[in-house]
Amino acid sequence: MYELNGISKVYVTGKTHVNALNNLSIKIHKGTIVAIVGKSGCGKSTLLNILGGMDQPSSGTLLYEGIDLSRFNSPKLATYRRTEVGIVFQSFNLIPPFNAWENVAMALAIGNVARNKRKKMAIDLLEKVGLANRSGHLPSELSGGECQRVSIARALANNPKVILADEPTGNLDSVTSKQIMDLLKALNLEFRKTIVMVTHELDYAQNYSDEILTLHDGKILN
């Protein structure tokens, strides 16, 4: 699904150059769960951002299903993000005044789903993540695990092929974290979603992923 060849990313601030990624060459196969692990500052989030089209490499090529994303302009990257990728954030990134189904419906609106279809589709998505009975609740009325389920439902809104998850259990207790990981695994198995997740939990990486990529100073160790 993804093929990265010689990907580097350099951030420049004044005279300071930071090499976030250094000549990465990896493949990520369709229908797998890939965990990205490593110490803080090793380039994990930068790699996820590049895969998601939220950032572009300084050099190298990034192929997605054979298409070179590294040559895409901003409008093409926006289309790729909207149609191919769903993103799950550590901090949920829900809109506080909107209830659960309205948060999911926002993603459907961005995907140009007709207004009169959004509520039903949003509640159907919440049902997939076991939260249909809480669809009318605000984020402030939901637990952390429930907020993350809303976030996952939102990530599924436009039926993406890839789910990118940045520390999806980072703000959750151990019991809730396992429930979220079980949910991601179920989505992978039932719908063949390719999942790439950044995690600091080595146990989850070992127990739930098909492959572990260990980053150190912007390079792959394994």
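Tabulated results
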read-out	value
Reciprocal of mean inverse Cα separation for the chain (Kirkwood radius, Å)	17.9 Å
Portion, in percent, of the accessible area of the chain that falls on carbon or sulfur, probe 1.4 Å	50 percent
Charge dipole magnitude, Cβ of K and R +1, D and E -1 - the stretch 120-159, Cα centre, debye nearest 20	80 debye
Net charge dipole size for the chain [Lys, Arg +1 and Asp, Glu -1 on Cβ; Debye, nearest 20]	680 debye
10 Å Cβ shell holding at most 15 others, DSSP loop, trypsin sites (Lys or Arg not before Pro): longest site-free stretch of the chain	40-191
Mean shadow area of the stretch 45-126, taken as a quarter of the surface of its Cα convex hull (nm²)	6.7 nm²
Cross-link pairs 9/39; 44/76; 27/219; 15/219; 9/44 - those with Cα-Cα distance over 20 Å	44/76; 15/219
For the stretch 107-136 versus the stretch 1-72, the gap between their alpha-carbon centres in whole angstrom	31 Å
Antiparallel bridge percentage (DSSP; both residues within the chain; nearest 5)	50 percent
Relative contact order [Cα under 8 Å, 6+ residues apart], the chain, whole percent	30 percent
Residue 98 accessible area, 1.4 Å probe, all protein chains in place, Å² to nearest 10	70 Å²
Backbone HN-Hα couplings from phi across the stretch 160-169 [Karplus 6.51/-1.76/1.60, Hz, Gly and Pro as x]	x, 7, 10, 10, 9, 10, 9, 6, x, 10
The stretch 117-222 - percent relative contact order, Cα under 8 Å, separation 6 or more	21 percent
Accessible surface, per residue, of the stretch 115-174 when the full set of protein chains is kept, probe 1.4 Å, Å²	46 Å²
More than 25 Å apart - percent of Cα-Cα pairs taken over the stretch 90-205	16 percent
Inter-label distance, nm, simple model (7 Å from Cα along the C-beta direction), residue 221/residue 115	5.3 nm
Derived scalar couplings ³J(HN,Hα) [the stretch 105-112; Karplus, 6.51 cos²θ - 1.76 cosθ + 1.60; whole Hz; x for Gly, Pro]	5, 4, 5, 5, 5, 4, x, 6
Under 23 Å from the Cα of residue 119 - lysines, other chains or at least 8 residues apart	128, 161
Degrees separating the helix 74-84 axis from the principal Cα axis of the chain, which is the longest one	50 degrees
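The values are calculated or read from the model by the stated rules, or taken from the named source; none is laboratory data. The model shown is predicted, which means the values in this text are computed figures rather than measured ones. FYI the Cβ positions are ideal-geometry reconstructions off the backbone, even for glycines, and counts take in every protein chain you see. In case anyone asks, the SASA skips ligands and DNA or RNA and just uses the protein heavy atoms, side chains included. Shrake-Rupley method; radii C 1.70, N 1.55, O 1.52, S 1.80 Å.
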